[in-house]
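The values are calculated or read from the model by the stated rules, or taken from the named source; none is laboratory data. The shown structure was predicted, so the numbers you read here are calculated from the model rather than taken from an experiment. In this analysis, Cβ positions are derived from the backbone assuming ideal geometry, glycine residues included, and neighbour counts consider all displayed protein chains.
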Amino acid sequence: MNTISNTLFVGKVFITLASVDSTNAYAHHLCATTSPIDGTAIFTTEQTQGRGQLNNKWESEPQQNIALSIIFKPDFLKIANHFLLNQAIALGVHDLISQYVKEDVKIKWSNDIYVGSNKIGGILIQNSIQGTNIQHSIVGIGLNINQTEFSTAVPNPTSLRLLTQKDYDLLEIVEQLCIYLENRYLQLKSGQHLLLKKDYADRLYLNGIWAKYLRTADNNLIIGKIEGVKESGELILRTNMGLEIFDFKEIKFLHQPI
Ligand code: BTN
C-alpha cells in the first residue's frame, strides 16, 4: 500500500518499510532532507531501535505489531497549546482500539493507551518549533496487535490478540488508525478544544479515583486522586498535601486503586 484511500490528508503519502531503526527517526530524517507533505505516514512492522518516552526502548516482535509515524504540520497551534495535540492523538488511538475491544479503553496520562491496567499502545510525539508555533510534529504510535508473548522488561503489556483471541490484518488496522487520527486532528484544527479536553478527561485512566503512585524524586509512596491535567500537560493530583502538580518524569503509576 502506498496511500490511504479514506482520508483527506493523513497517509496520502504512505511509506512502508520492511524494517527500519525507528519510524520516528526516519520521519526526522525526511523532515531534515526533504519537505514531506502534511500527513505523510511511515509504517513498518519491524523496528530495530524503537523509541519510547523518557529515552526508553519500544520493544515489539517483528511482523506482529504496528509502528507508525505521521508527520503533521500544526502551524496553527501555539507551543503553549502543544498538549492539545497529544490529547487529540491519544483520543484518535483510543477511538480505534475502542472499536475492537469490549472492555473499557483508557488513556493513561499522558498518552499511553490502556485496557484494564494493561498497556496496548504508546505514543511518542516530537515537536519542532519555529517562533511561537509548532513547525512540524512527528507523531509515533506503537500498537500491540498480534503479539502474545512479551519480554519481562515490558511492564504490564497486552495486545488485541490477547484481548480478543483473534488475529488481525495490520494494514487494515493502520488504515482505520489514520482515519481516526485525522478526525481528531481536524477537531483540533477547527478549534474544538473544549470537546477534546472533555473527551480526554472522560477517558483518563484513574481519573477521580484514589490510587497509589510513586514520587520519583524520593521514591516515596503517594496516595492521590487525579483531578485533571493542566493546559501545559502536567498531571493534577489531589494528595494529603492538597493539589500537587507533576510532570512526566516526576511520578510513576502503581496501578493500585484503593
Ligand atoms: C511509549 O510508550 O513510551 C511510546 C512508544 C512509541 C513507540 C512508537 S512505534 C513508532 C514510533 N517509532 C518509534 O521509534 N517510536 C514510536
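Set side by side, the residues Thr16, Thr23 differ, and just one is modelled with pLDDT of 95 or more, more than 8 Å from the ligand (Cβ to nearest atom) and of a type in the set (Val, Ile, Thr), which is Thr16. Among the residues of region 83-124, none is identified as of a type in the set (A, V, I, L, M) and out of contact with any helix residue (DSSP H, G or I) (no Cβ under 8 Å at 6 or more places or on another chain). Just wondering, is there one or more residues in region 4-25 that are without any contact (Cβ under 8 Å) to a residue 24 or more places away in the chain, in a loop (DSSP other than H, G, I, E, B), surrounded by fewer than 17 Cβ atoms within 10 Å (Cβ to Cβ) and under 20 Å from the mean Cα position of the chain (by Cα)? There is no residue in region 4-25 that is without any contact (Cβ under 8 Å) to a residue 24 or more places away in the chain, in a loop (DSSP other than H, G, I, E, B), surrounded by fewer than 17 Cβ atoms within 10 Å (Cβ to Cβ) and under 20 Å from the mean Cα position of the chain (by Cα).
Tell me which residues, restricted to region 92-134, are within 16 Å of the ligand (Cβ to nearest atom), outside any strand (DSSP E or B) and not polar (S, T, N, Q). Passing the criteria: Gly92, Val93, His94, Leu96, Ile97, Trp109. Total residues in region 231-249 satisfying the condition of being surrounded by 16 or more Cβ atoms within 10 Å (Cβ to Cβ) and closer than 12 Å to Ser110 by Cβ: the figure is 4. The set of residues from region 43-80 being away from the ligand (no atom under 11 Å from the Cβ), outside any strand (DSSP E or B), more than 25 Å from Lys12 (Cβ to Cβ) and at pLDDT below 95 comprises Ile79, Ala80. If you go through region 28-38 one residue at a time, do you hit one that is touching a Phe, Trp or Tyr at 6+ places or on another chain (Cβ under 9 Å), at negative phi and either more than 16 Å from the ligand (Cβ to nearest atom) or modelled with pLDDT under 95 (or both)? Yes, region 28-38 contains a residue that is touching a Phe, Trp or Tyr at 6+ places or on another chain (Cβ under 9 Å), at negative phi and either more than 16 Å from the ligand (Cβ to nearest atom) or modelled with pLDDT under 95 (or both). Given the structure, is Gly228 in contact with a helix residue (DSSP H, G or I) (Cβ under 8 Å, 6 or more places away or on another chain) and surrounded by 13 or more Cβ atoms within 10 Å (Cβ to Cβ)? Taking the combined requirement at face value, the residue satisfies it.
Exactly one residue among Asn86, Asn55 is surrounded by fewer than 18 Cβ atoms within 10 Å (Cβ to Cβ), within 26 Å of Gln256 (Cα to Cα) and of a type outside the set (Val, Ile, Thr), and that residue is Asn55.
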